[in-house]
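The values are calculated or read from the model by the stated rules, or taken from the named source; none is laboratory data. Owing to the predicted nature of the structure, the values given are computational and were not obtained by experimental measurement. We place every Cβ from the backbone using ideal geometry, glycine too, and count neighbours over all the protein chains shown. Note: accessible area is taken over every heavy atom of the protein model, side chains too, but ligands, DNA and RNA are not part of it. Shrake-Rupley method; radii C 1.70, N 1.55, O 1.52, S 1.80 Å.
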Amino acid sequence: MARGVRVTASLRQAAACQPLIRRLVKAALAPAAQGVRIVLTPVNSVLANLLRGRVKPNSVLHISYMVHIPYETVGHLRRQGMTADYLAIGASPYWDKSDFKFLPSRFPPVRAWQEFVLFWRVVARYEVVHAHFMYAISESGWELPLLRRMGRKLVAHFRGCEARDRTLNMRLHPDVNICQTCDHRPYICETASAARRRGLAQRFADATLVTTPDMKDFMPSAVHFPFFAPDLPEPVPRPAPAGRQPFVIVHISNQPGIEGTAEIERSIAELMTLRHDIEFRWLRNQTHDEVLAQMADADLAIGKMKMGYYANAQIETMASGVPTVTYVREEFITDELRESGLILTTLPKLTETLDWYIRNPEALAAKRKIARASILRIHDNDRLAKKLVETYRALRACA
């Protein structure tokens, strides 16, 4: 038994050392990778001149880490007649669909060659490159000046904490903000990667988009471009909560610290002391399809209680016909939001809000009745796709 314990401890120590070993190997091979890029520099210059006109007309390439949102976005653009494709960088246990996949080598010289081949075979052939999270195929962004030289246009689309400034957020919104109990270590906004991507966007982006209006605190010149709504089937009618028990509440988050999950759980516990029979489903580390299945029969959803605006998960629950509790800062609240299936409240008032809707099933039923239609109207996919197509068209028209 003692030997088994020692072996297990040794394996754990070896596993803990692997990231350090990878960093050391990467640092040691960095000069070789730089050598590859130096050798390829004149080749890139010649190819940029020769292949400037080799471009797909009316085309856009979306680049992101592997996730479902860009995949669905290119579908909307194709329905508008665009040649739109999705290049995913890396792999994910939660999503695996894309038009192109780039699995970067851990060895920098090999990755440098991979980037060169991918750029000329795929990326350089599109009129517009739409970079979600400002992801490029390289970490350095060496290919971005080439895109500009060839007349291609770059859209930087910031979708989360890679755009935020924690110090500024804490100062602007001291009472409640997404950064207060952030559970990312290190903070995403303060990593070298995020800073590099923000810098690349400032230098090379022809347009900058943000998914929620609160992000304009950090990128005031960016354009707010809302999420597309998910293409989900019409929800199956469900019995009123009073006719079945327990009352099902779903919460979707892989980052509880930035969602207010601890406060949400405390509210649920308080409600249960009031003799409410509640089944609380915290959906985390699941595939997109698994999440959709779990939330389909919920009575209510809760999410984004600290950020100041709702996001993709709240749109998905609403499109599934589930009324959704969320926090929206007062300056962003419109009549359209007030009259939708969203239930707007704050963390201090969350218990009171939930208790009221549980005790007033007719009010909840009224929200449920309009949930799907109201969110699909606010996030009308045809309207948003046309707006994005027009954005690309305007960029292409600029010399």
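Rg and Dmax, both from the Cα atoms of region 203-314 and both in Å, are 17.3, 58. Ordering of 165-173, 300-308 by packing is 300-308, 165-173, highest average first (other Cβ atoms within 10 Å, averaged per residue). Look at the dipole of the chain built from charges on Cβ: of Pro109, Ala84, Phe158, the Cα furthest out on the positive end belongs to Pro109. When the alpha carbon gyration tensor of region 50-158 is reduced to an equivalent ellipsoid, its three semi-axes come out at 20, 19, 11 angstrom, largest first. Computed from these coordinates, which is percent of Cα pairs over 29 Å apart: (i) 51; (ii) 64; (iii) 42? Label of the calculated value: (i). Grouping the Cα pair distances of region 302-399 into 10 Å bins from zero gives a pair-distance distribution of 15, 41, 26, 11, 5, 1, 0 percent in increasing distance order.
A 1.4 Å probe run over region 147-273, with the rest of the protein chains in place, finds 46 Å² accessible per residue. For the chain, the relative contact order is 13 percent, taking Cα pairs closer than 8 Å that sit 6 or more residues apart in sequence and dividing their mean separation by the residue count.
Protein heavy-atom surface of region 284-330, 1.4 angstrom probe: 42% of the accessible area is carbon and sulfur, with nucleic acids and ligands not counted.
State the Cα centre-to-centre distance between region 332-399 and region 92-129 in whole Å. With region 332-399 and region 92-129 each reduced to a Cα centre, they are spaced 35 Å. Taking the Cα centre of the chain as reference, the dipole from Cβ charges on Lys and Arg (+1) and Asp and Glu (-1) amounts to some 1860 debye. The modelled label-to-label distance between Thr287 and Gln180, using points 7 Å beyond Cα along the C-beta direction, is 3.7 nm. Set the bar at 30 Å for Cα to Cα. Now go through Lys153/Lys306; Lys56/Lys386; Lys306/Lys369; Lys216/Lys386; Lys304/Lys369 and name every pair that lies beyond it. Violating the 30 Å limit, Cα to Cα: Lys153/Lys306.
Probe radius 1.4 Å, ligands and nucleic acids ignored: give me the carbon and sulfur share of the accessible area of region 64-217 as a rounded percent. Carbon and sulfur atoms account for 53 percent of the accessible area of region 64-217. Using a simple spin-label model with pseudo-atoms 7 Å out from Cα toward Cβ, Gln294 and Met170 lie 3.1 nm apart.
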